[in-house]
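Chemist: Right, I'll just put the structure down here and ask away after.
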Amino acid sequence: MERQLHPNRLGGQWLIMSSPSYTVIIGLEVHTQLKTKSKLFCGCANEFNPDRPNTQTCAVCLGLPGALPVMNRHAFDLSLKTALALKCNIPHFTKWDRKQYYYPDLPKAYQISQFDLPFSEHGWLEITNDEEGGPVRRINITRAHLEEDAGKNVHDESGRGGDSGVDLNRTGTPLLEIVSEPDLRSASEARRYLEEMRTLLLFIGVSDCNMQEGSLRCDANVNLHIHNDDGSTTATPIVELKNMNSFRNVEMAIDYEVKRQHREFQKTGKTIDDSSKVTRGWDAERSITFAQREKEDVSDYRFFPDPDLVPVVLTESEIEAVRETLPETPAVKRDRFQNQFGLTEYDASVIIGQGPEINAYFEAVESACGDGKIAANWVTQDVLRDLNASECGVDDFPITSEILGTLLKWITSDRLTNKSAREVYGALKKKAESGDMISVTDVETLAAEREIVRDTGALETAITAAIASRPDAVEDVKAGKLQAVGPMMGMVMKQVGGADPKEVREMLIRMIQES
Ligand SMILES: [Zn+2]
């Protein structure tokens, strides 16, 4: 009986306490396709090309007898760049190993990978805390290693029992595997880690991270540490989750798995010692995980050094040469945006999270108008909204950074109100939508028509007329009801388009009080 097996965990009345009775333990394996022209060990094109299967293959990636692989140095350098951005140690010696298994999409029946001496290890990636404004969380990276990808089995998904095929276009393309320590403590944290990883990979330009095309994939190792009443903990069996093709799915699958493991443990009491690692797939349609297979042991793969490839020996200066190509990382940029421009952490994260192109756009607007906060407001609100609506990339966006920067310069130099600037922005958009080219000259013309009127003579005349026409409101203002200036303000603004509302309001109140 379960009660007797686990008297402290199950059924007892003091167990109704609702404090969290377990800690969630998550480690992630991220696979990213590197953006190279050719594959890892041959000259075939490295391109996503599902419509023309088996057109990007050769004797080497097909594993034909006598074919010999040669390492793609660019792929290795991109991996090195990633590992350096993740603060990994780079040993000066690394080698290639064969991982043996049979699968239809693996014609050689082994994969060239890295076993005991990966090219990098012991790094970290910082992510934001679950609690807003909490300290950053440092997630340790166990290792990153480079390997060749397998091909793809293509099944008839119509359910009509058509043939399955094998597409070997992907066979042998460079795949970087980044393995984290089991440092993540919640599904939302796992998602933030993935988002931060993706942003980093995009910024350093090593991958396009397209999850739909499979150039960014993730497996999650999940288990629970159950807190026992005597203060000890019991670990549940580790489950490896697969088939999660979006960050949202990763988060949902982990959440589901945590609850499932807790229920399972309450039912069976099975611990990590009772079961080897199991693979479970995520069924996105039904929002459940399902058992796939017992995981192979590392020894099942019979790793051994690949005799066809020479080991890679690196000098310190070669490592430094790659380090010098590293751009500012997203984390450093986020800090700089907050310190240099006074952006909130949220705004900085939104801009950086949009990727390098939006980021470059923002920086160009900032440098044109000289005010990071105003630039951030416009980019995060107006520009992102319009980009999403039009589904076009920022490079095709008609309101270029130069045009927006010019417009915002009118605000920062106090010559245009925010409201008028939005009118100009709308007019520019309209012109672009009708197919006309828009330019900086258009901005200057439209803005000049709405320039804040500094002619206090004209303002005074309009205000005097407004005061004279509304003696009732004037009494109210004098009596302290300042909101009564509203209708008079409207009259003045109508008369002197381009007047600064703030200035009009101040002048109105002052002139009423002096009258
Ligand atoms: Zn090839």
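Chemist: For the condition out of contact with any Ser or Thr (no Cβ under 6 Å at 6 or more places or on another chain) and open to solvent by 50 Å² or more (accessible area, probe 1.4 Å), what is the one hit in 278, 332, 322?
Modeler: Criteria check complete, one pass: 332.
Chemist: Kindly indicate whether residue 390 is more than 26 Å from residue 192 (Cα to Cα), without any contact (Cβ under 8 Å) to a residue 24 or more places away in the chain and of a type outside the set (D, E, K, R).
Modeler: Spelling it out, residue 390 is indeed more than 26 Å from residue 192 (Cα to Cα), without any contact (Cβ under 8 Å) to a residue 24 or more places away in the chain and of a type outside the set (D, E, K, R).
Chemist: Oh, and also: Taking segment 202-217 as the search range and keeping residues that are touching a strand residue (DSSP E or B) at 6+ places or on another chain (Cβ under 6 Å) and not in a loop (DSSP other than H, G, I, E, B), which one is surrounded by the most Cβ atoms within 10 Å (Cβ to Cβ)?
Modeler: Step by step, filter segment 202-217, then rank; the result is 216.
Chemist: Which one of these does residue 76 not meet: (1) in contact with a strand residue (DSSP E or B) (Cβ under 7 Å, 6 or more places away or on another chain); (2) within 28 Å of residue 352 (Cβ to Cβ); (3) modelled with pLDDT under 95?
Modeler: (3)
Chemist: Still on this structure: Name every residue in segment 491-512 that is part of a helix (DSSP H, G or I) and either more than 22 Å from residue 419 (Cα to Cα) or open to solvent by less than 40 Å² (accessible area, probe 1.4 Å) (or both), in order of residue number.
Modeler: Answer for segment 491-512, where residues must be part of a helix (DSSP H, G or I) and either more than 22 Å from residue 419 (Cα to Cα) or open to solvent by less than 40 Å² (accessible area, probe 1.4 Å) (or both): 492, 504, 507, 508, 509, 510, 511, 512.
Chemist: Of the residues 116, 97, which single one is buried (at least 19 other Cβ atoms within 10 Å of the Cβ), modelled with pLDDT of 95 or more and charged (D, E, K, R)?
Modeler: 97
Chemist: A follow-up question, please. Pick from 199, 173: which is within 16 Å of the ligand (Cβ to nearest atom), touching a residue at least 60 places away in the same chain (Cβ under 8 Å), surrounded by 21 or more Cβ atoms within 10 Å (Cβ to Cβ) and of a type in the set (S, T, N, Q)?
Modeler: Being within 16 Å of the ligand (Cβ to nearest atom), touching a residue at least 60 places away in the same chain (Cβ under 8 Å), surrounded by 21 or more Cβ atoms within 10 Å (Cβ to Cβ) and of a type in the set (S, T, N, Q) holds for just one of 199, 173, which is 173.
Chemist: OK, next. State all residues of segment 425-456 that are assigned to a helix (DSSP H, G or I) and either of a type in the set (A, V, I, L, M) or under 19 Å from residue 509 (Cβ atoms) (or both); if no residue qualifies, say none.
Modeler: Answer for segment 425-456, where residues must be assigned to a helix (DSSP H, G or I) and either of a type in the set (A, V, I, L, M) or under 19 Å from residue 509 (Cβ atoms) (or both): 427, 428, 432, 440, 443, 446, 447, 448, 456.
The values are calculated or read from the model by the stated rules, or taken from the named source; none is laboratory data. Note that this is a predicted model, so its numbers are computed, not measured. Cβ atoms come from the backbone with ideal geometry, glycine included; neighbour counts cover every protein chain shown. What goes into the accessible areas is simple: the full protein's heavy atoms, side chains included, and nothing from ligands, DNA or RNA. Shrake-Rupley method; radii C 1.70, N 1.55, O 1.52, S 1.80 Å.
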